[in-house]
Amino acid sequence: MFSFALGLALLAGSQNPYGPLEGLRILKPADTQNYPSTPAPTGATILFDGKSTDAFKHRDGKTPIGWKVTEDGFLEVTGGKGGDIVTKEKFSEPLHLHVEFRVPYMPKASGQGRGNSGVYLQGRYEVQVLDSYGLDSKDNDCGGIYGVAKPLENACKAPTVWQAYDIFFTPPAFKDGKKESEGVITVKQNGVVIHDKQKITKDNTTSGLGGNPAEGGPILLQDHGNPVQYRNIWIVKKSNASAKVSDAGIPKEGPRYDAPQTGNGQNAFNLDLTDLDADGNPRKILRERVMPREEPLLGRFRDRFRRR
Ligand code: MG
């Protein structure tokens with residue numbers, strides 16, 4: 001009986017998408033360290049603080065939000081049943097969006113089926129969320145602006161490890177219905193600039209809300225069927241007097257991002273790199289085996305029909 005129970009426990013453990021990274025080749029120790037959480041500046045619009053999903057609604061505006069808030073206060077996609085969620089507020093001005101996320105470890109999945117979600121500006125322009133750890137990133141990989149631009153470099157941490165996007169977005173400008181300037185986006189992933197004043201050359205990326213690009217839109221978080229988790233989501237709008245956002249979308253003042261400070265004043269990336277799980281226990285990292293990162297033919301075939 002005991003061995004049966006143990007077997008069940010082991011089975012359950014092996015299915016935990018936020019469990020040990022068994023079989024994954026870790027490129028450098030920092031990749032397994034959570035990126036430090038950045039508190040919202042005073043006056044920011046709080047979209048998710050670990051407690052309430054009140055800032056969001058279902059994409060269709062009617063169905064209740066199917067995403068769950070975990071015991072740890074994380075907002076988790078519920079495997080295709082929850083649907084995309086959008087903020088109730090629509091945004092039409094330059095802004096700084098801060099989003100913390102982590103992707104599940106899905107070694108048996110591949111390509112676009114591995115930890116897929118996404119953050120859409122104005123519901124139209126997707127900054128991809130995906131497990132693209134260790135890959136030569138394309139525009140549909142994590143950090144890519146889907147269908148527009150690949151990230152300048154792959155700044156991804158390993159799956160299950162907390163990451164952050166700081167997205168500085170200036171919407172396209174229109175006059176008399178004619179576009180006068182493209183939208184512009186700068187993105188930092190874990191403090192690394194992965195897009196630098198990138199022009200958005202499309203009016204809607206795959207699976208976005210579409211609509212009139214001259215009008216504002218919500219922040220959309222994508223349900224792509226994988227249990228991606230989010231925490232600590234906030235926005236500073238240009239009109240917010242307490243935190244300045246320049247016309248180019250780069251804050252002139254505000255919290256530091258490049259070198260997050262810890263309690264002892266050291267750069268967190270120079271510390272002894274011990275990753276902790278949600279309970280504060282050291283995360284088990286196995287480095288002996290290398291997980292194949294090539295996409296199997298079947299996976300590529302399947303992904304062709306679920307690209308987004
Ligand atoms: Mg996506």
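A short reminder: the numbers here are calculations on the coordinates, not readings from a lab. Since the structure is predicted, the reported quantities are computational estimates derived from the model, not experimental observations. Every residue, glycine as well, gets a Cβ built from its backbone with ideal geometry; the counts of neighbours run over all protein chains shown.
Within segment 201-210, being more than 16 Å from the ligand (Cβ to nearest atom) and surrounded by 15 or more Cβ atoms within 10 Å (Cβ to Cβ) holds for one residue alone: ASP203.
Quick one: in segment 158-185, of everything that is among the hydrophobic types (A, V, I, L, M, F, W, C) and out of contact with any Asp or Glu (no Cβ under 9 Å at 6 or more places or on another chain), which residue is farthest from VAL129 (Cα to Cα)? So that I can check it myself, show each step before the final result.
From segment 158-185, those among the hydrophobic types (A, V, I, L, M, F, W, C) are 158, 161-162, 164, 167-169, 173-174, 184-185; that's our starting set.
Within this subset, residues satisfying the condition of being out of contact with any Asp or Glu (no Cβ under 9 Å at 6 or more places or on another chain) are 167-169, 184-185.
On the way: ILE167: 13, PHE168: 17, PHE169: 17, VAL184: 19, ILE185: 16 Å.
The residue in question is VAL184.
Going by the structure shown, is LYS157 within 13 Å of the chain's Cα centre (by Cα), more than 16 Å from the ligand (Cβ to nearest atom) and closer than 26 Å to ALA30 by Cα? For LYS157, the condition - within 13 Å of the chain's Cα centre (by Cα), more than 16 Å from the ligand (Cβ to nearest atom) and closer than 26 Å to ALA30 by Cα - is met.
Which one is nearest to ILE167 (Cα to Cα), of the residues in segment 98-111 that are away from the ligand (no atom under 16 Å from the Cβ) and in contact with an Asp or Glu (Cβ under 9 Å, 6 or more places away or on another chain)?
Pass one, segment 98-111, residues away from the ligand (no atom under 16 Å from the Cβ): 98, 100, 105, 107-108.
Filter once more, keeping what is in contact with an Asp or Glu (Cβ under 9 Å, 6 or more places away or on another chain): 98, 105, 107.
Details: HIS98: 6, TYR105: 25, PRO107: 29 Å.
Here the residue is HIS98.
What do you reckon, is SER137 more than 16 Å from GLY208 (Cβ to Cβ), touching a Lys or Arg at 6+ places or on another chain (Cβ under 8 Å) and within 16 Å of the ligand (Cβ to nearest atom)? In short, yes.
Considering segment 112-132, the residues that are of a type in the set (S, T, N, Q) and in contact (Cβ under 8 Å) with a residue 24 or more places away in the chain include one that is farthest from the ligand (Cβ to nearest atom), namely GLN122.
Are any residues in segment 84-105 among the basic types (Lys, Arg) and either surrounded by 20 or more Cβ atoms within 10 Å (Cβ to Cβ) or touching a helix residue (DSSP H, G or I) at 6+ places or on another chain (Cβ under 7 Å) (or both), and if so, which ones?
Applying the first criterion (among the basic types (Lys, Arg)) to segment 84-105 yields 88, 90, 102.
Selection gives ARG102 alone.
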